[in-house]
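Okay, structure first, notes after.
The values are calculated or read from the model by the stated rules, or taken from the named source; none is laboratory data. No experiment lies behind these values; they were computed from the predicted model shown. Neighbour counts run over all protein chains shown; Cβ positions are idealised from the backbone, glycine included. Heavy atoms of the whole protein, side chains included, go into the accessibility calculation; ligands, DNA and RNA do not. Shrake-Rupley method; radii C 1.70, N 1.55, O 1.52, S 1.80 Å.
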Amino acid sequence: MSADIHQPSALEQERRAYRARQSIRSVLIAVISTLVFAVVVWLTVVNTPGWESVRRSFFDPETAWQSLPRVWEGFLLNLQVLGLSVITVAIGATVIALLRTLRGAVFFPLRALAAGYTDVFRGIPLIIVLYLVGFGIPGLLNERIPPVILGTAAITITYSAYVSEVIRAGIEAVHPSQRLAARAMGLGYAQTLRLVVMPQALRKMTPPLMNDFVAMQKDVGLVSVIGAVDAVRAAQIETSLSYNFTPYIVAAVLFVLLAIPTIRLADWWTARLQRREQMGSIL
């Protein structure tokens, strides 16, 4: 028995050849544009008269290597604050979002309280909340509190307000018919929320939640204002010792390395959701 080998039609072969030519053309354009951009950077930045002075002040390899241990030690404190804040913000924001989505007149005080909280703490800059929490709570309790706890509390207060709105928007984006259908099947409020609403809402709110997470990764660097020796404060100490700003670049690189995986994951997830939503619409 002879096996039939599929041969694409002439039209399909022409389409494949066209796609191949377009791919090669895109690669060539990308290479040329990158070279042009590199030349422009060299002419406008590297080739300027003051570049050598800037390079010595900000990009000195020896200073970077010497400051790396202390900056890294401080960066570990930032990671501690970030890890604790992820948990506390998730819990706090979920509670606030659920309070804002409660139905019925009897829950009006809770809805008003949650709305007031989000309005106030979305309007106050994080650095002011850090000052209030970092210096107010120890003074109120008249005892010393570790900066990690204070920094986590300040970030939780601020980011719970932002993240709760994302969660609330995701919950309310689910069509009301989904709730009605679930209740008609005999599910209670909590079961409807857990089994029907939240799985659908999670798909919609994941990209903005990941963006908030990236922003939080950067903002943990502000805990230095309450006395924590984090990466930023460690860089400041090293700069005062070496009279060179390179330690700040070291701290910046560490934060960028922390953020890049999350940014790429957010882009991948957003593109995945877009492909799923547009599936079947492309002819």
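Hey, does the stretch 185-199 have a residue that's under 30 Å from Gly136 (Cβ atoms) and open to solvent by less than 50 Å² (accessible area, probe 1.4 Å)?
no
Within the stretch 2-21, can one find any residue that is of a type in the set (Lys, Arg), closer than 20 Å to Ala235 by Cβ and assigned to a helix (DSSP H, G or I)? Spell out the reasoning first.
The first filter runs over the stretch 2-21 and keeps only residues of a type in the set (Lys, Arg), leaving 15-16, 19, 21.
From what's left, closer than 20 Å to Ala235 by Cβ: none.
No, every residue in the stretch 2-21 fails to be of a type in the set (Lys, Arg), closer than 20 Å to Ala235 by Cβ and assigned to a helix (DSSP H, G or I).
For the stretch 226-265, enumerate the residues that are out of contact with any Ser or Thr (no Cβ under 7 Å at 6 or more places or on another chain), of a type in the set (Val, Ile, Thr) and closer than 12 Å to Val71 by Cβ.
Residues satisfying the conditions are Val229, Ile237, Thr239, Ile249, Val253.
If the requirement is being surrounded by 20 or more Cβ atoms within 10 Å (Cβ to Cβ) and assigned to a helix (DSSP H, G or I), which of these qualifies: Ala115, Ala154, Ala181, Ala169?
Ala154
Given the residues Leu241, Leu254, Leu273, which is the only one that is out of contact with any strand residue (DSSP E or B) (no Cβ under 6 Å at 6 or more places or on another chain), among the aliphatic types (A, V, I, L, M) and under 25 Å from Ala154 (Cβ atoms)?
Leu254
Can you tell me which residue among Leu68, Leu132, Leu102 is at pLDDT 90 or above and open to solvent by less than 70 Å² (accessible area, probe 1.4 Å)?
Leu68
Take the conditions under 29 Å from Ala266 (Cα atoms), at pLDDT below 85 and in a helix (DSSP H, G or I) and apply them to Leu193. Does it pass?
It is true that Leu193 is under 29 Å from Ala266 (Cα atoms), at pLDDT below 85 and in a helix (DSSP H, G or I).
Could you pull out the residue among Val214, Val223, Val163, Val148 that is closer than 23 Å to Arg70 by Cβ, in a helix (DSSP H, G or I) and touching a Ser or Thr at 6+ places or on another chain (Cβ under 9 Å)?
Exactly one residue qualifies, and that residue is Val223.
Does the stretch 231-280 hold any residues that are open to solvent by 30 Å² or more (accessible area, probe 1.4 Å), touching a residue at least 60 places away in the same chain (Cβ under 8 Å) and β-branched (Val, Ile, Thr), and which are they?
Val232, Ile237, Ile249, Thr270
Assuming Ala228 fulfils every condition listed in (1) in a helix (DSSP H, G or I); (2) open to solvent by less than 40 Å² (accessible area, probe 1.4 Å); (3) closer than 26 Å to Ile137 by Cβ; (4) not basic (Lys, Arg) apart from one, which condition is it?
(1)
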